[in-house]
Amino acid sequence: MTLGGYMGKILHVDLTTGESLTVPTGEDLIRDYVGGRGFVAKLLWDLVPPGTEPFSEDNIVVIAPGPLTGVYMPGSGKVHMGTKSPATGCYGDSNMGGHFSPEIKYAGYDAIVIKGKAPEPSILVIDEDSVRLEGAGDVWGAGAITAEKRLKERLGEDFQIAVIGPAGENLVKYACISHDFGRQAGRTGIGAVWGWKNLKAVCVRGSRSIPIAKPREAFDKAKEMYATCYGKPGFKAWTPYGTAEVVNWVNKVGAFPTRNFSETYFEGHEGINGQALVDRVKLIDKGCFGCPTPCGKYSKAKTSLGEVRVEGPEYETIALLGGNVALSQIEEVAYANAVADELGLDTISGGNAAGFAIECFKKGLLTEEQVGRVLDWGDLASVVYLLEKIAKREGIGDILADGVKAASERIGGDSERFAIQVKGLEWSGYEARWAPSMMISYMTCDVGAHHNRSWAITHDVATGRDNLEGKSEKAIELQHIRPLFDALGLCRLQWVEIGFELENYAEVFPLVTGIEARWEDLLRVSERIWNLTRAFSAREVDGFGRLWDYPPRRFMEEPVPSGPAEGKVLTREQCDHLLDDYYDRRGWTREGIPGEDKLEELGLGFVIPELTRRGYILK
Amino acid sequence: MRLCSYSDRCSGCKVCVLTCALSNHGLNNPKLGSVSILPRFPEPGLFELGVCTKCGACRDACPVGAIQEQANGFYRVDPSLCVGCGVCVEECPQKVIRMIPESNVAFTCVGCGECVKYCPKEAIVDLDGEVKRV
């Protein structure tokens, strides 16, 4: 039996010299890190010299599908990208759907590692064994959607293209990678690292077949998986709305980002919910590779500022460019979505930055003279103005482009209290003052305030939102399950949204790869990856640890003023209780550093000398 | 069986072409599937979906007579006669004929119906109702 699911080699590209080489995908790497996020974490640890600046030739970008990416089964279209993040200085990664990741496999690679800096704005073209840098030409400076279209015309429709917009070129610290006219690796500013490296786009084409260890059995199992999905009630009930389906529920439980998270229930949410999306703007469902339940909605929306076509808006964009800036019409959210996509801005961080700026303006911490206009809640023109200023780093936009944490340090007042972030990464779409498991999930997420490592708010609602017991434990459990999908190269939404059973993935993995790993073994890999990313951040950030894990003061000091969660807050003492419980269960020190015993147990003993040298006490 | 495609339902997921390639060639390779999916983005924003309509253009175009109609009305390439010239690939109005690299033989839709069974969006259907989505 051959090893299936892997293409057998990793492509290394040096943008400085334009040279590339391939190395075999190591058996140890496969065994200990599986792929995707695991490869990202290990390659960053190994290949980024300690203390490297995010914007430097030595920083790398890793682009990694997983062993199940591109293989026939539900949700096999995901790619993981990682770098030392300019947004946080910590380990940074982001995940993206579409068709880019399978194409990397068909081109023959298990990962792409990019270092150096191109001497001029360039695109990287990977046409199976032919790897070359080309001058970016007229796509440099172009919007991400426009650039992708032009590159398809230049190279051919069958190339899959990942591209940055002006925000990436201008080093906005939450610039994203865009693909397939509306899919993004949105978080941690990987787009800015591409921009610094003069890398406008990565264009991939391949025609190889993916080897499968037990082809007949894997095919039969995958067909059964699809049939199971089609039989789930959520297949028909959830799919037409996609992630926007959850807008009503999040408002009902008082967790919807509203006016820069000052409130948690948006009175205008019925104008931007899943029903509004379907009734007023949606054209078609747009799916990623292999997806039975496409969450993507391609839309057309008309507003006072013009008409747009856009993929979305999905839930996070509705939350951060909707409720968080008080836009109450789905057409307006779609418009802001389209603007952010073309500029190449993460809608989560972008929506945070806009909400933060509007609140600063309302509080008199920013003036009309400083901003260049009046800012107001629920005003599309204000939001679009801010997004464009940010992407171009003009005026107030230059301050906001470094993220709300850095911006609050320059704006002053008490703005740091309502800069909604952890580790310098802006908070995504679930306010957590009355959701302790969700709160500890955000606090300890390895890349900063992001929901997708542990979406525990349903656990809070199910088990009682006023008690802290068991909440850290649940977060840890989910922090191993959910990122495992990122290592396998799969989407988790069939499991999350329509109740597709995890056992299916456990059964199909050995059939595809030929590796006799049980689900517990894979979860162990996920725990190893989690500890390694934490160790990476500790290696890279002076004094890293507990202080990097607190939520913004607003969430610890300001009770929710109104709505279903009125009066709720998680005090610093309560957050400390959650952290102590979390660290103890993880085998970390009370300072939040992985303990020596845990590191040895996970086969991560190799990080101990580096962390010790950096002054961390691991007992 | 008569295949019909609905572009307004297609989400571009490629489940059809993967199912086709695995069923007919045993290869995990969507580029070998005999369905055509042409993304049209950002404008107008849809996938143009093409399936075999049994039009017979491939048979008419084949210079060596390697393509013959089957009992079900679909066409089959005789691998022992096909010379791999690719004329049928060019002439197919639906763009659903593929050259199989291992054999350098053309392959066109034989009407197996696997795409109908597994398309999540029921964007490919059998107008005769003999085959349905699982």
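Can you pull out the residues in the stretch A:297-336 that are in contact with a strand residue (DSSP E or B) (Cβ under 6 Å, 6 or more places away or on another chain) and of a type in the set (A, V, I, L, M)?
A:Ala301, A:Val308, A:Val310, A:Ala334
Search the stretch A:201-216 for residues being more than 7 Å from every other protein chain (Cβ to nearest Cβ) and outside any loop (DSSP other than H, G, I, E, B), and hand back the single one that is farthest from B:Cys20 (Cα to Cα).
A:Ala201
Could you please find all residues in the stretch B:35-74 being more than 14 Å from chain A (Cβ to nearest Cβ), over 18 Å from B:Val125 (Cα atoms) and assigned to a loop (DSSP other than H, G, I, E, B)?
Within the stretch B:35-74, B:Gly56, B:Cys62, B:Pro63, B:Val64, B:Gly65, B:Ala66, B:Gln70, B:Ala71 meet the criteria.
So, in the stretch A:149-167, of the ones that are part of a helix (DSSP H, G or I) and of a type outside the set (Gly, Ala, Ser), which residue ends up surrounded by the fewest Cβ atoms within 10 Å (Cβ to Cβ)?
A:Glu153
Starting from the stretch A:227-239, keep only residues that are buried (at least 19 other Cβ atoms within 10 Å of the Cβ), then list their pairs with residues that are modelled with pLDDT of 95 or more and among the polar types (S, T, N, Q) whose Cβ atoms are within a distance under 6 Å, requiring at least 6 positions of separation or different chains.
A:Cys229/A:Gln494; A:Thr239/A:Thr293
Take the stretch A:168-200 and flag every residue that is within 13 Å of chain B (Cβ to nearest Cβ) and in a strand (DSSP E or B).
Across the stretch A:168-200, the qualifying residues are A:Ser178, A:His179, A:Arg183.
Mind checking which residues of the stretch A:386-421 are touching a helix residue (DSSP H, G or I) at 6+ places or on another chain (Cβ under 6 Å), in contact (Cβ under 8 Å) with a residue 60 or more places away in the chain and not in a loop (DSSP other than H, G, I, E, B)?
Answer for the stretch A:386-421, where residues must be touching a helix residue (DSSP H, G or I) at 6+ places or on another chain (Cβ under 6 Å), in contact (Cβ under 8 Å) with a residue 60 or more places away in the chain and not in a loop (DSSP other than H, G, I, E, B): A:Ile390, A:Ala391, A:Glu416, A:Arg417, A:Phe418, A:Gln421.
What is the residue count in the stretch A:149-162 for residues that are without any contact (Cβ under 8 Å) to a residue 40 or more places away in the chain and more than 13 Å from chain B (Cβ to nearest Cβ)?
If we filter the stretch A:149-162 for residues that are without any contact (Cβ under 8 Å) to a residue 40 or more places away in the chain, which is where we start, we get A:149-150, A:152-154, A:157.
Now restrict to residues that are more than 13 Å from chain B (Cβ to nearest Cβ): A:154.
Residues that pass the stated criteria total 1.
Test each condition in (1) in contact (Cβ under 8 Å) with a residue 60 or more places away in the chain; (2) closer than 24 Å to A:Leu579 by Cβ; (3) part of a loop (DSSP other than H, G, I, E, B) for A:Cys491 and report the one that comes out false.
The failed condition is (2).
Within the stretch A:122-148, track down each residue that is surrounded by fewer than 18 Cβ atoms within 10 Å (Cβ to Cβ) and either closer than 20 Å to A:Thr16 by Cβ or free of Cβ contacts under 8 Å to residues at least 24 places away in the same chain (or both). Can you show your working first?
Looking only at the stretch A:122-148, we keep the residues that are surrounded by fewer than 18 Cβ atoms within 10 Å (Cβ to Cβ), and these are A:127-130, A:132, A:134-135, A:137-138, A:141, A:146.
Matches in the stretch A:122-148: A:Asp129, A:Ser130, A:Arg132, A:Glu134, A:Gly135, A:Gly137, A:Asp138.
For the stretch A:70-87, enumerate the residues that are within 14 Å of chain B (Cβ to nearest Cβ) and touching a strand residue (DSSP E or B) at 6+ places or on another chain (Cβ under 7 Å).
Hit for the stretch A:70-87 is A:Lys78, nothing else.
Check whether at least one residue in the stretch A:484-499 is among the aromatic types (Phe, Trp, Tyr), in contact with an Asp or Glu (Cβ under 8 Å, 6 or more places away or on another chain), over 24 Å from A:Phe544 (Cβ atoms) and outside the structural domain of A:Tyr33 (by TED's automatic domain parsing), and report yes or no.
yes
If we scan the stretch B:84-96, do we find a residue that is within 11 Å of chain A (Cβ to nearest Cβ), part of a helix (DSSP H, G or I), touching a residue at least 24 places away in the same chain (Cβ under 8 Å) and on the phi < 0 side of the Ramachandran plot?
no
Being more than 11 Å from chain A (Cβ to nearest Cβ), touching a helix residue (DSSP H, G or I) at 6+ places or on another chain (Cβ under 9 Å) and surrounded by fewer than 23 Cβ atoms within 10 Å (Cβ to Cβ) is the filter here; which residues of the stretch B:117-129 pass it?
Residues satisfying the conditions are B:Val125, B:Asp126.
Can you find a residue that is away from every other protein chain (no Cβ under 14 Å) and in a loop (DSSP other than H, G, I, E, B) anywhere in the stretch A:243-253?
So far as the stretch A:243-253 goes, yes, one or more of its residues are away from every other protein chain (no Cβ under 14 Å) and in a loop (DSSP other than H, G, I, E, B).
Mind listing just one residue for me: the one in the stretch B:13-34 that is touching a strand residue (DSSP E or B) at 6+ places or on another chain (Cβ under 8 Å), surrounded by 24 or more Cβ atoms within 10 Å (Cβ to Cβ) and not hydroxyl-bearing (Ser, Thr, Tyr) and, of those, nearest to the other protein chains (Cβ to nearest Cβ)?
Out of the qualifying residues, it is B:Lys14.
Where in the stretch A:1-70 are there strands (runs of 3 or more DSSP E), lying wholly inside it, with at least 1 residues that are free of Cβ contacts under 8 Å to residues at least 12 places away in the same chain?
Because the criterion is at least 1 residues that are free of Cβ contacts under 8 Å to residues at least 12 places away in the same chain, the strands (runs of 3 or more DSSP E) in the stretch A:1-70 that meet it are A:19-24.
In the stretch A:268-291, is there at least one residue being surrounded by 18 or more Cβ atoms within 10 Å (Cβ to Cβ), away from chain B (no Cβ under 13 Å) and closer than 20 Å to A:Ser178 by Cβ?
Looking through the stretch A:268-291, none of the residues is surrounded by 18 or more Cβ atoms within 10 Å (Cβ to Cβ), away from chain B (no Cβ under 13 Å) and closer than 20 Å to A:Ser178 by Cβ.
The values are calculated or read from the model by the stated rules, or taken from the named source; none is laboratory data. Just so it is clear, the structure is predicted and the values come from calculations on it, not from any experiment. With ideal geometry, Cβ positions are generated from the backbone for all residues, glycine too; neighbour counts draw on all protein chains shown.
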